[in-house]
2 protein chains.
Amino acid sequence: MMKGEEMKEIKIGMLGFGTVGTGVVRVLRENEREITAKAGVKLTLKSVLVRDAKKERPYMEGLHLTENVDEILNDEEIDIVIELLGGIHPAREYMLVAMEKGKNVVTANKDVVAQFGKDMFEAMEKYGVDFHFEASVGGGIPIVMPLKQCLTANRVTEIMGIINGTTNYMLSQMAENGSDYDSVLKEAQAKGYAEANPAADVEGLDAARKIAILASIAFNTRIRFEDVSVEGITKVTPEDIEYAKALGYVVKLLAIGRDCGEAGVDVRVHPVFLPKAHPLASVNDVYNAIFVRGNAIGEAMFYGRGAGSLPTASAVVADVIDIARDMQLDTFGRLHCTCYAHKSLCPVEETKASYYVRLLVDDEPGVLAAIATAFGNHKVSLKSVIQTRRYKERAEIVAVTHVVKHRKMQEAAADLEKLAVVSEIRSIIRVENPQEDGAC
Amino acid sequence: MMKGEEMKEIKIGMLGFGTVGTGVVRVLRENEREITAKAGVKLTLKSVLVRDAKKERPYMEGLHLTENVDEILNDEEIDIVIELLGGIHPAREYMLVAMEKGKNVVTANKDVVAQFGKDMFEAMEKYGVDFHFEASVGGGIPIVMPLKQCLTANRVTEIMGIINGTTNYMLSQMAENGSDYDSVLKEAQAKGYAEANPAADVEGLDAARKIAILASIAFNTRIRFEDVSVEGITKVTPEDIEYAKALGYVVKLLAIGRDCGEAGVDVRVHPVFLPKAHPLASVNDVYNAIFVRGNAIGEAMFYGRGAGSLPTASAVVADVIDIARDMQLDTFGRLHCTCYAHKSLCPVEETKASYYVRLLVDDEPGVLAAIATAFGNHKVSLKSVIQTRRYKERAEIVAVTHVVKHRKMQEAAADLEKLAVVSEIRSIIRVENPQEDGAC
C-alpha cells in the first residue's frame, strides 16, 4: 500500500486450515458485512497454506490453497498473515520472515509467544509492523487487549485463571459424578475435549504457556514458559474432591501469577482448593475465566469459551480488524511490548500457600501428636486436623495448614513420610484463601 | 503540540473533584511510574474545576483548583479534558466546547452519552479528537473498549447486565436475609450504597442509561435512554425471592438488549427470575457483570466493581492513556462511532418472555380452572401452577408461563384482575430461560 492512498481492500494470507482456520473462514464470510463496516475496509483472504491442497475441506470453496509458504510470504499484496500452524517450528520462522517482509502478524500460537515472545516483539519494532496474539490465551475471551489497553492505570498484583478447558471439564465431571481421573479422561477423549496424548493439558503445560503470556503483560516483565512452576491434575482423586466439597471448596487447576514486589514474581500452575464463593469457583466444564486484581480496579474477571473453532476465530479476526484500522491510520506497534520492568522470579520454594494434606496413618493413640510434631518442627501450623475414614488398622487424616512457605511444607512432608505411623501421604494440594493470604 | 515534535508531557484538565475525581488524582499519583511507561509520556493534571476552590479536600496538594471553567477550556496547553461533573448540564456543553477547541475528552457521564451520544460523536469527528467513555458503564469493568475492539468479528445478538450496584446489593441482601424492600433500602442508604433519593437506582433509570450505551455499541445502532423500557425493583417482595429460590432461580435487576433481527432491537430493564446456573446469577452485592452473546464468541462475561472511586478512576485513566498513545501516533477517532446500522426498536408489547405470576385468590373449587381459562383465552400457556400458602378464605397461586408476547401477558393479566375469584395480582416478573427462549 502506498501511504496516503485510500484503502479499499486488505489482503490476508493464512498459514494452516484446521479447526481455528475453518472458524476464521466462516467468521470472515458469515459476518462480512459487520466486519467490513468495523474494519473500514474489505478484508480478503487471498491464500491459505495447507499440507495437501487437493484434500476436500469444508468452507474451501473460492479459496486459493497452496502448499508453498513462499506464495504467501513473498506475496506483496498480502499485508496481514494469520499463523495457525501451532507448535514452534516452522511457525516461529514463518512469522519472523513475514514481519521482515513488512507484513503484520496475527497468531493463536501460545508456544511461540510463551517461549519466543521477545524475538517476536523485537521483529515487530524493527520492521514497523503489528504482532497480535489475543487468541493465544483464553480462546475467544478478550484478555490480552484488555490487559494492554484497559487496565493500564493499574498496578496489577495478581492474575489467576482457569485457562485450560480440558482439565476444567475433567475436574467438573469428577465433582459432579464422583468419577475417577481415568474414566473422565477417557470420556473427555471420546468427546474430543482431550487429545490421545493428553500430557500437555493434564500435566498443566498448556496452562503454563498461557500464564507465562498473561503474567508478562500484567507485570510488565518477561516470563517464559520455563519460568513457570507446574503441577498437573493427574494425582487428584475423587476423595480429594469430596473433602474439598465438605470443607467449602472446589478443586480447580489454576494458573496463578503474583507480583510479590521484592520477593519477586511468583508464577505457577497447580490444582487448588478454591473457596466456593470465589468468582472462579463457578466456572465449569470447558469454560475459561481470568481473574485480575489491580490496585485501582480491585477485582475483575473475564469469562468465556477458552477454545473451539468459532470462539478462537472471534479473537483472531478481531486482531485482524484492529490491524486493518492501524493500517488505515498509518500507525503500528500501538500495543507494543511493555516489558519495561525486569523483575526477578520468586523461586517456588519461597512461594506461600495454605495446604491440604491427606495422610494414611496407623489407627492408634499418639498418631495425631506425632503428626502435629512433624508439622510443628518445620513451623507449619495447622488450621484444622480431621480424622475421617477408618480402614482396619489404618485411618485417614486430613490436615489444613495455615499459610507457609512451600519449602517448609516440603520439609514437613519429608519428615512425615519418615514417620513409622504414616503409611502414605496421599495428597498435598494448595488451598487458596484470598482473605488470609493477601497477594503474596 | 506541533506535529512530529517528540512529546514529553501531556497536560490534562479535570472538571469536577468528587469521589471519582479524587480517585483519578490518586491513581495518577500512586501509579505514576507504570502510567508514564504505558502512556509513553508524562501525564500531568494541570487544572481542576471545582465549585469552591478554597474548600479543603483530600489529595488537593500541588493541584491548581479553579472555579472558572474557561481556565481549562481556553488553556492551549491542555490536550485532554476529563469530565466528571455528572448530569446533562453543563457537562454536555463543556465537553462540546472542549472538543471544538481541539481537546480530547474522557467522561464517566452516562447521562450525556445515553442521551446526547450522537452530538458527542459528531463533534469528535468534526474536530478530529477522541471521545472516550469507558467509565460511563460498569465502573472499572472494561466493556466499552472490548465491545469496540475485541468482539468486532461477532454479530452480537444479546447483551445483558447487572449494571446497577445499588439494586444488586439490595436484592442480594433480600435473598440472604429475607429482609423486605424498605429495610434493605435503609441499610443501603446507611452504607452509602444508595442515595437519599434512590429513584434513579431503584426505578431502573441508571441501568437504562447504561444499557442504552451498551446496546448502541453492541448492535451498531443508536439506542437512547428514552428507547429503553424500564421497570425497577420497588415491587419485588421477600415472597417473590423465596418463590424464586424454590423454583431454582435468583431475582436480579437485569438490563437486557437483544437484536431480534426483523422484529427489531429489544432493550429493557426489569427484575427477572434468572436460573441459578447462569453466569450472572452468582454476581452478588455491589459487583456488576455484563454478559455478551455473539455468533462467533458464543458466551462471554465481564465482571468487576461497577462503581467506586478507584475502580471508576481505573477506567477513566485507561482512557486517558489510550488517548495519549493516539496523540503520539498522531491519530484519533480510532474507536469512532460504529452506529452504521439503523435498526428499528421492538416495542415492549411485542417482546417475549416467560412470566412468573403470583395471585391471591379465593380458596374454593374451580378457581384454578377459572384462572387457567383466563390465561388460555389469550394463548398464554402455563408451564406450572402451584397453589401454595393459604390464608383463611384465600390462597396464593404461583403460575409460570411458557414464552409469550408481553402484550398477551398484559391482556391475560387484565382479564385475571376482572375475575371475581382473584383478589389481587401480587407480582408479575419475567423468567429468563435462555435454553428455551433463544435470543428473541
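The values are calculated or read from the model by the stated rules, or taken from the named source; none is laboratory data. All figures in this text were calculated on a predicted structure; none of them were measured in a lab. Glycine also receives a Cβ, built like all others from the backbone with ideal geometry; neighbour counts cover every protein chain displayed. Remember, those area values only see protein heavy atoms, side chains included, never the ligands or the DNA or RNA. Shrake-Rupley method; radii C 1.70, N 1.55, O 1.52, S 1.80 Å.
Tabulated data
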{"item": "Filter result (within 14 Å of chain B (Cβ to nearest Cβ), of a type outside the set (A, V, I, L, M) and over 14 Å from A:M327 (Cβ atoms)) within the stretch A:1-20", "result": "A:T19"}
{"item": "Tally of residues being in contact (Cβ under 8 Å) with a residue 40 or more places away in the chain and either facing chain A (nearest Cβ under 7 Å) or within 13 Å of A:F302 (Cα to Cα) (or both) across the stretch B:299-317", "result": "10"}
{"item": "Inter-residue pairs, beta-carbon under 8 Å, first in contact (Cβ under 8 Å) with a residue 60 or more places away in the chain and in the stretch B:179-204, second among the β-branched types (V, I, T), 6+ apart", "result": "B:Y193/B:T166; B:Y193/B:V286; B:G204/B:T167; B:G204/B:V230; B:G204/B:I233; B:G204/B:V269"}
{"item": "Identity of the residue in the stretch B:215-247, outside any loop (DSSP other than H, G, I, E, B), hydrophobic (A, V, I, L, M, F, W, C) and in contact with a helix residue (DSSP H, G or I) (Cβ under 9 Å, 6 or more places away or on another chain), that ends up farthest from A:E34 (Cα to Cα)", "result": "B:I241"}
{"item": "Check on A:L85, of a type in the set (A, V, I, L, M), in a loop (DSSP other than H, G, I, E, B) and either touching a residue at least 24 places away in the same chain (Cβ under 8 Å) or within 14 Å of chain B (Cβ to nearest Cβ) (or both)", "result": "yes"}
{"item": "Test result for A:V421, open to solvent by less than 70 Å² (accessible area, probe 1.4 Å) and touching a Leu at 6+ places or on another chain (Cβ under 9 Å)", "result": "no"}
{"item": "Pairs with Cβ under 8 Å, 6+ apart, first in the stretch A:26-40 and facing another protein chain (nearest Cβ under 9 Å) and among the hydroxyl-bearing types (S, T, Y), second assigned to a helix (DSSP H, G or I) and open to solvent by 20 Å² or more (accessible area, probe 1.4 Å)", "result": "none"}
{"item": "Unmet criterion (only one of (1) within 14 Å of chain A (Cβ to nearest Cβ); (2) over 30 Å from B:R224 (Cβ atoms); (3) open to solvent by 60 Å² or more (accessible area, probe 1.4 Å); (4) basic (K, R)) for B:R325", "result": "(3)"}
{"item": "Unmet criterion (only one of (1) over 33 Å from the mean Cα position of the chain (by Cα); (2) in the same structural domain as B:V105 (by the TED database)) for B:V320", "result": "(1)"}
{"item": "Residue check, A:A207 crowded, with 19+ Cβ neighbours inside 10 Å and among the hydrophobic types (A, V, I, L, M, F, W, C)", "result": "yes"}
{"item": "Of all residues making up the stretch B:281-298, the number that are more than 7 Å from chain A (Cβ to nearest Cβ) and outside any loop (DSSP other than H, G, I, E, B)", "result": "8"}
{"item": "Number of positions in the stretch A:48-65 that are under 20 Å from A:I80 (Cβ atoms) and under 30 Å from the mean Cα position of the chain (by Cα)", "result": "4"}
{"item": "Strands (runs of 3 or more DSSP E) wholly inside the stretch A:337-414 that include at least 3 residues being closer than 22 Å to A:R258 by Cα", "result": "A:352-362"}
{"item": "Filter pass, A:I141 being part of a loop (DSSP other than H, G, I, E, B), of a type in the set (A, V, I, L, M, F, W, C) and either touching a Ser or Thr at 6+ places or on another chain (Cβ under 8 Å) or crowded, with 24+ Cβ neighbours inside 10 Å (or both)", "result": "yes"}
{"item": "Subset of the stretch A:167-178 (residues that are surrounded by fewer than 16 Cβ atoms within 10 Å (Cβ to Cβ) and touching a residue at least 60 places away in the same chain (Cβ under 8 Å))", "result": "A:G178"}
{"item": "Residues located in the stretch A:254-266, provided they are open to solvent by less than 10 Å² (accessible area, probe 1.4 Å) and either among the hydrophobic types (A, V, I, L, M, F, W, C) or touching a Phe, Trp or Tyr at 6+ places or on another chain (Cβ under 6 Å) (or both)", "result": "A:L254, A:A255, A:I256, A:V265"}
{"item": "Qualifying residues in the stretch B:122-160 (those that are under 22 Å from A:L329 (Cβ atoms) and polar (S, T, N, Q)) - the one farthest from the other protein chains (Cβ to nearest Cβ)", "result": "B:Q149"}
{"item": "Residues satisfying the stated conditions in the stretch B:328-356, i.e. over 30 Å from B:R268 (Cβ atoms) and open to solvent by less than 20 Å² (accessible area, probe 1.4 Å)", "result": "B:T331, B:G333, B:R334"}
